[in-house]
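Working notes, beginning with the structure itself.
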Amino acid sequence: MTRTLTLWKHGATTGLLGGLITVLLSLTGMVEAFSQRQIVTGILSMDQSLLAAAVVFMAYLAAKRTTGSRPLWVVINSLTCGFVTAAMLMLLLLVGDWIHLRAVFVNASPVLYELISFGHGFETAPLLFVAYPLCALFAGILYLLPGPVRKMFIVSLACILGAGVLQDMLRPTLTAWESLTDLAEWIFSANGLTGQGALALFILISAAVLFWSFRGKAVKTGYRNLSPAGQRGLKWTGIAVLLAVLLILPQILGLFLSEVLTIVGLYVLLGLGLNIVVGYAGLLDLGYVAFFAIGAYVTAILTSPELGFFNLSFWQALPFAILIGILFGVLLGIPVLKMRGDYLAIATLGFGEIIRILVLSDFLRPWLGGAQGIGKIPKASIAGFEFGTPQEIYYLILAGCFLVIFISLRLRDSRLGRAWKAMREDEDVAQAMGINLVATKLLAFGTGAAFSALSGAIFATKLTSVYPHSMNVMISINILCVIIVGGMGSIPGVIVGAAALVGLPELLREFAEYRLLVYGLALVVMMLVRPEGLWPEAVRRREFHEEELEENNNAAASAPASS
Amino acid sequence: MATILEAKKTTKRFGGLVAVDELSVEIKEKSIHSIIGPNGAGKTTFFNCVTGFYRPEEGQILLNSHSLVGLLPDQIVRLGIARTYQNIRLFPSLTAMENVLVGLHCHLKANYFGIVANLPSTRKEEKEATDEAKRLLRFVNLTGKGDLLAKNLPYGEQRRLEIARALATKPKLLLLDEPTAGMNPSETQTMMDFIRHLRDEVGITILLIEHQMRVVMGISETVTVLDYGKKIAEGTPEEIKQNPRVIEAYLGKGSAAETMGVAA
């Protein structure tokens with residue numbers, strides 16, 4: 001008796017949790033908001049995928065937590081999880097039928113009940129007890145499958161989901177190329193993937209994943225066996241290809257996606273700056289938006305004919321924007337030199353608000369424009385070429401990103417970068433190692449402020465106007481989320497984080513309303529599953545690498561130890 | 001022998017507690033000098049005063065007759081005093097190599113623009129620093145461990161890495177705070193040999209806090225005994241062993257009388 005109980009326990013508890021998640025997803029209105037979109041037209045809509053994904057995820061957890069992990073027990077556990085989840089949703093339907101839930105939960109509409117119950121209320125509601133356990137069974141079997149096959153299913157299903165969700169971006173992009181129009185029509189329908197398109201994608205991606213699972217190792221060793229010159233050549237070819245892709249990207253993607261890219265790019269600039277302050281130096285700065293605001297406003301004041309002070313061009317104003325940004329970075333850094341951790345966070349949070357309120361104030365209105373902001377900021381131009389449309393501004397931001405990444409890389413591997421990291425790890429000991437804390441902290445604040453001011457200046461010329469409202473504390477929080485999710489102290493992490501947290505919500509308009517919910521969820525899940533971030537900083541392999549080279553040079557017989 | 005470090009009537013108070021009370025000590029150049037005393041006697045507080053973590057309220061601390069009081073830790077380490085900590089304080093998420101490179105920080109000169117422009121002088125300096133760090137890792141017998149994170153090293157290796165990091169600052173005087181804490185007899189013996197080697201071959205003056213009497217008596221030339229922040233005895237290990245006040249401080253009054261009785 002007790003044995004059966006322990007056998008069912010994990011399935012039941014995980015199922016309760018899964019039920020709670022699905023009920024919450026429904027009541028927050030996400031399910032209804034997603035119902036307009038199809039993943040695979042006529043077969044799978046986005047709301048169903050959302051619920052199914054939740055069930056599969058929880059059932060997979062249940063399978064993983066099964067004690068003893070005997071196949072039968074695993075299946076029983078995941079099935080239990082599915083049944084419990086279905087029961088919770090059924091309960092929601094019953095309660096909803098009985099009590100007027102809408103008085104409290106605005107989103108508990110009849111439409112929602114129809115969506116949950118597969119279209120026809122209680123007539124089709126029993127289907128819940130078929131569909132959800134089926135999803136759960138799939139998760140259980142997935143857990144039991146060998147690694148490569150499991151990976152194949154997960155990756156290809158995720159890709160189909162992604163392709164379906166991004167249908168209205170991908171389809172116009174493909175149809176823009178004459179020769180690809182037919183292909184686009186074959187894969188995509190008007191509001192999702194076509195059945196054959198989804199199947200083709202599944203087969204294609206599965207094949208790729210399987211190939212990589214079985215042959216990936218051979219490819220990697222092949223690369224490693226290349227001569228250093230060959231490796232370098234391959235690396236530079238890769239970089240050249242990447243560069244070429246980045247250069248033609250806005251032409252392929254079109255207006256809307258280029259606009260999204262510019263927003264992501266601005267966040268990459270901001271993120272790389274905050275990455276130096278928080279990721280390297282460990283100084284938790286929550287008022288980082290202040291320097292963004294300073295960069296934007298200095299550009300606006302110096303260039304806008306609306307105020308008529310200076311009427312400089314963007315390029316003339318840019319150095320001032322960055323220098324004044326650095327100046328403020330250092331000035332705001334001085335009073336917080338002795339603060340650590342929470343205290344520093346609160347003090348800098350205050351700075352961010354002070355700057356925003358100053359900009360908003362009536363007192364400074366003649367100079368800073370007050371609540372109406374400053375308009376008519378000229379576009380940047382080089383030799384007659386004006387950076388006007390998002391597709392053109394993209395290049396401006398790309399250049400900024402390259403510059404900032406370059407500086408970040410150089411600083412990271414230097415004496416200064418080490419001093420920052422040492423300070424992050426243990427401030428007292430860092431000082432006892434001869435690191436001048438004042439200079440090192442101010443350099444971190446100054447560098448971060450410079451990157452942020454650059455982002456702000458480009459932002460000002462991109463919008464041709466600046467408003468106090470775009471400088472709120474949420475931007476600081478967003479940037480912090482970007483570097484936490486991407487991976488603290490990791491440069492590629494910032495880029496991935498910005499793409500995931502800033503780019504995706506721009507693409508998925510349904511998410512816009514739930515942005516904060518998704519941020520919170522992403523942060524919690526990241527902390528639990530992958531605390532080091534999506535793309536953590538790789539530990540540098542300096543010593544081994546050089547010893548390997550030396551040994552190769554000496555043609556020493558003994559193989560180097562590898563970890 | 002010349003005096004390298006001299007404390008004159010140094011006093012450090014925490015509120016009403018006098019942690020170090022008018023302590024006067026002279027450390028001879030190229031000696032191994034131990035400070036012992038019961039828990040809470042003010043040994044580590046004295047170390048913190050010397051290295052600039054605390055500022056003593058009264059008295060003087062002189063390094064080669066250059067006053068250290070009021071200097072910051074980073075200025076003091078540049079003058080040639082390095083230390084290790086009682087509870088190891090490495091930079092846990094940096095590699096062993098990076099830990100040592102941080103120790104070399106004060107001997108590197110690259111500035112911000114040199115770094116971003118990657119000037120030849122910066123590159124040369126980095127190369128030399130990397131070589132020096134490797135040499136130091138080899139010196140403390142951590143060859144091949146340079147790429148491991150400091151927190152992933154076993155305890156004994158962490159202790160050695162901390163010493164390598166301290167040595168990277170090129171100190172004249174090295175302060176070791178319980179270097180053999182938590183070590184078994186054979187590890188302790190290795191550490192003792194290593195400390196002696198540092199003094200004999202590298203020529204560094206060693207000031208150490210130690211609890212294991214075997215170590216104290218085995219390697220030090222001079223021993224200073226603290227109790228309640230005051231110096232109660234100083235001398236060679238032999239003299240200290242015989243000193244009734246030391247025995248009293250360690251074992252209590254009654255036992256002191258007893259031991260004396262037995263000795264007599």
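The values are calculated or read from the model by the stated rules, or taken from the named source; none is laboratory data. Treat the numbers as computed from the prediction; the structure is a model and nothing was measured. Quick reminder, even Gly has a Cβ in these numbers, built from the backbone with ideal geometry, and neighbours come from all protein chains shown.
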### Query
Given the conditions (1) out of contact with any strand residue (DSSP E or B) (no Cβ under 7 Å at 6 or more places or on another chain); (2) facing another protein chain (nearest Cβ under 8 Å), and given that A:Met423 satisfies all but one, which numbered condition is not satisfied?
(2)
### Query
From A:Glu543, A:Glu506, which residue is within 30 Å of A:Arg171 (Cα to Cα), at pLDDT below 85 and surrounded by 13 or more Cβ atoms within 10 Å (Cβ to Cβ)?
A:Glu506
### Task
Give just the number: which of (1) outside any loop (DSSP other than H, G, I, E, B); (2) away from chain B (no Cβ under 14 Å); (3) modelled with pLDDT under 80 does A:Leu549 not satisfy?
(2)
### Summary
Listed by first then second residue, the pairs whose first member lies in the range B:62-74 and is buried (at least 16 other Cβ atoms within 10 Å of the Cβ), whose partner is among the β-branched types (Val, Ile, Thr) and in a loop (DSSP other than H, G, I, E, B), with beta carbons under 8 Å and at least 6 positions apart or on separate chains, are B:Pro73/B:Thr51; B:Asp74/A:Ile435
#### Entry: Restricting the range A:466-498 to residues that are at pLDDT below 90 and of a type in the set (S, T, N, Q), the residue that is farthest from A:Leu283 (Cα to Cα)
A:Ser470
### Message
Just checking, does the range A:428-435 include any residue being in contact (Cβ under 8 Å) with a residue 12 or more places away in the chain and more than 7 Å from chain B (Cβ to nearest Cβ)?
### Response
no
### Task
Determine whether B:Ile195 is assigned to a helix (DSSP H, G or I), under 25 Å from A:Ala538 (Cα atoms) and of a type in the set (Val, Ile, Thr).
no
### Message
Condition first: closer than 29 Å to A:Ile76 by Cα, aromatic (Phe, Trp, Tyr) and loosely packed, with under 13 Cβ neighbours inside 10 Å. Now tell me which residues in the range A:92-137 satisfy that.
### Response
A:Phe122
#### Entry: Filtered residues of the range B:108-120 (kept if touching a residue at least 12 places away in the same chain (Cβ under 8 Å) and either at the interface with chain A (Cβ under 8 Å from one of its Cβ atoms) or more than 18 Å from A:Ala430 (Cα to Cα) (or both))
B:Leu108, B:Ala110
### Summary
Residues in the range B:77-96 that are buried (at least 24 other Cβ atoms within 10 Å of the Cβ), assigned to a helix (DSSP H, G or I) and touching a Leu at 6+ places or on another chain (Cβ under 7 Å) total 1
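Yes/no per residue for (1) in contact with a helix residue (DSSP H, G or I) (Cβ under 8 Å, 6 or more places away or on another chain); (2) part of a helix (DSSP H, G or I); (3) farther than 30 Å from B:Glu162 by Cα; (4) aromatic (Phe, Trp, Tyr):
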site	(1), (2), (3), (4)
A:Glu353	yes, yes, yes, no
A:Val359	yes, yes, yes, no
A:Ile377	yes, no, yes, no
A:Arg424	yes, yes, no, no
#### Entry: Among the candidates A:Ile458, A:Ile405, residue that is buried (at least 22 other Cβ atoms within 10 Å of the Cβ) and touching a residue at least 60 places away in the same chain (Cβ under 8 Å)
A:Ile458
### Task
Output yes when any residue across the range A:347-370 is at pLDDT below 90, among the basic types (Lys, Arg) and closer than 25 Å to A:Gly448 by Cβ, and no when none is.
no
## Note on the structure
Those residues of the range B:198-214 which are more than 19 Å from B:Leu142 (Cβ to Cβ), at pLDDT below 90 and assigned to a helix (DSSP H, G or I) amount to B:Met213, B:Arg214
### Query
Pick from the range B:133-157 the residues that are more than 13 Å from chain A (Cβ to nearest Cβ) and in a helix (DSSP H, G or I): which of them is surrounded by the fewest Cβ atoms within 10 Å (Cβ to Cβ)?
B:Tyr155
## Note on the structure
The one condition A:Gly448 fails out of (1) crowded, with 20+ Cβ neighbours inside 10 Å; (2) under 20 Å from B:Arg89 (Cα atoms); (3) not β-branched (Val, Ile, Thr) is (2)
### Task
May I ask you to say which residue of A:Ile382, A:Ile407, A:Ile393 is of a type in the set (Val, Ile, Thr) and within 14 Å of another protein chain (Cβ to nearest Cβ)?
A:Ile407
### Looking only at the range B:141-179, and only at residues there that are hydrophobic (A, V, I, L, M, F, W, C) and over 16 Å from the mean Cα position of the chain (by Cα), the one that is nearest to B:Thr205 (Cα to Cα)
B:Leu142
### Query
When only residues in the range B:75-107 that are free of Cβ contacts under 8 Å to residues at least 40 places away in the same chain and of a type in the set (S, T, N, Q) count, which is nearest to the other protein chains (Cβ to nearest Cβ)?
B:Gln75
#### Entry: Matching entry among A:Ala450, A:Ala399 (being more than 9 Å from every other protein chain (Cβ to nearest Cβ), out of contact with any helix residue (DSSP H, G or I) (no Cβ under 9 Å at 6 or more places or on another chain) and within 25 Å of B:Leu119 (Cβ to Cβ))
A:Ala399
### Message
Here is a check on your reading of the model: is B:Leu176 under 18 Å from B:Asp193 (Cβ atoms) and more than 10 Å from every other protein chain (Cβ to nearest Cβ)?
### Response
yes
### Query
Restricting to the range A:201-225, what's the tally of residues that are free of Cβ contacts under 8 Å to residues at least 40 places away in the same chain and either of a type in the set (Phe, Trp, Tyr) or surrounded by 15 or more Cβ atoms within 10 Å (Cβ to Cβ) (or both)?
3
### Task
Restrict the check to the range B:52-63 and report whether at least one residue is over 26 Å from B:Thr224 (Cβ atoms), among the aromatic types (Phe, Trp, Tyr) and facing chain A (nearest Cβ under 10 Å).
no
### Task
May I ask you to say which residue of A:Ile248, A:Ile294, A:Ile239 is β-branched (Val, Ile, Thr) and surrounded by 13 or more Cβ atoms within 10 Å (Cβ to Cβ)?
A:Ile294
## Note on the structure
Of the listed residues (B:Gly229, B:Gly252, B:Gly235, B:Gly203), the one being buried (at least 21 other Cβ atoms within 10 Å of the Cβ) and on the phi > 0 side of the Ramachandran plot is B:Gly229
